[in-house]
Amino acid sequence: MAGASDPSERLPDPAQEARARDLFKEVRCLVCQNESIDDSEAQLAGDLRRIVREQVKAGRTDREIRAFLVQRYGEFVLLRPVFSAGNAVLWLAPVGVLLVGGALMFGLLRRRETETTELSQDEEERVRRLLEDD
């Protein structure tokens, strides 16, 4: 784990260090993007780990630290963003697409069942002649 790679950066209080490490797992490395800052070797991840440790050492709550990081880097910095009015479309769009797709399929299948095709008199006559020829 990159978060524990340099012992000199660790907080002297084991409880504070454990809290910081838990927060590292929730914060996205802005360089790697699919890794937490705990797993990342990027320099920016190291900077973010230092910021989190400083905030923990200053006595800030986990919520305050997350809010600080979001204010500074945007909501993308959180690996698991919270549901809010600003990102509701992103959370609800897949459900909406499934509902609309299901409704369209249901409508098309139902319409297909109820449609009947009437033969014209010419077509009926042709079918009758074909059946008689056998």
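The values are calculated or read from the model by the stated rules, or taken from the named source; none is laboratory data. Source: prediction; values computed, not measured. Glycine gets a Cβ as well: all are built from the backbone with ideal geometry, and neighbour counts include every protein chain shown.
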Test set (1) farther than 25 Å from Asn87 by Cα; (2) buried (at least 16 other Cβ atoms within 10 Å of the Cβ); (3) not basic (Lys, Arg) - Val52 fails condition number
(1)
Name the residue, out of Gly86, Gly96, that is among the small types (Gly, Ala, Ser), modelled with pLDDT of 90 or more and within 19 Å of the chain's Cα centre (by Cα).
Gly96
Listed residues Leu92, Leu69; which is surrounded by 11 or more Cβ atoms within 10 Å (Cβ to Cβ), within 30 Å of Val27 (Cβ to Cβ) and either of a type in the set (Ser, Thr, Tyr) or in contact (Cβ under 8 Å) with a residue 24 or more places away in the chain (or both)?
Leu69
In region 77-134, anything in contact with a helix residue (DSSP H, G or I) (Cβ under 7 Å, 6 or more places away or on another chain) and acidic (Asp, Glu) is listed as none
For Pro81, the lone unmet condition from (1) within 15 Å of the chain's Cα centre (by Cα); (2) loosely packed, with under 10 Cβ neighbours inside 10 Å is (2)
Taking the stated definitions as given, is Arg110 free of Cβ contacts under 8 Å to residues at least 40 places away in the same chain and in the same structural domain as Ala45 (by TED's automatic domain parsing)?
no
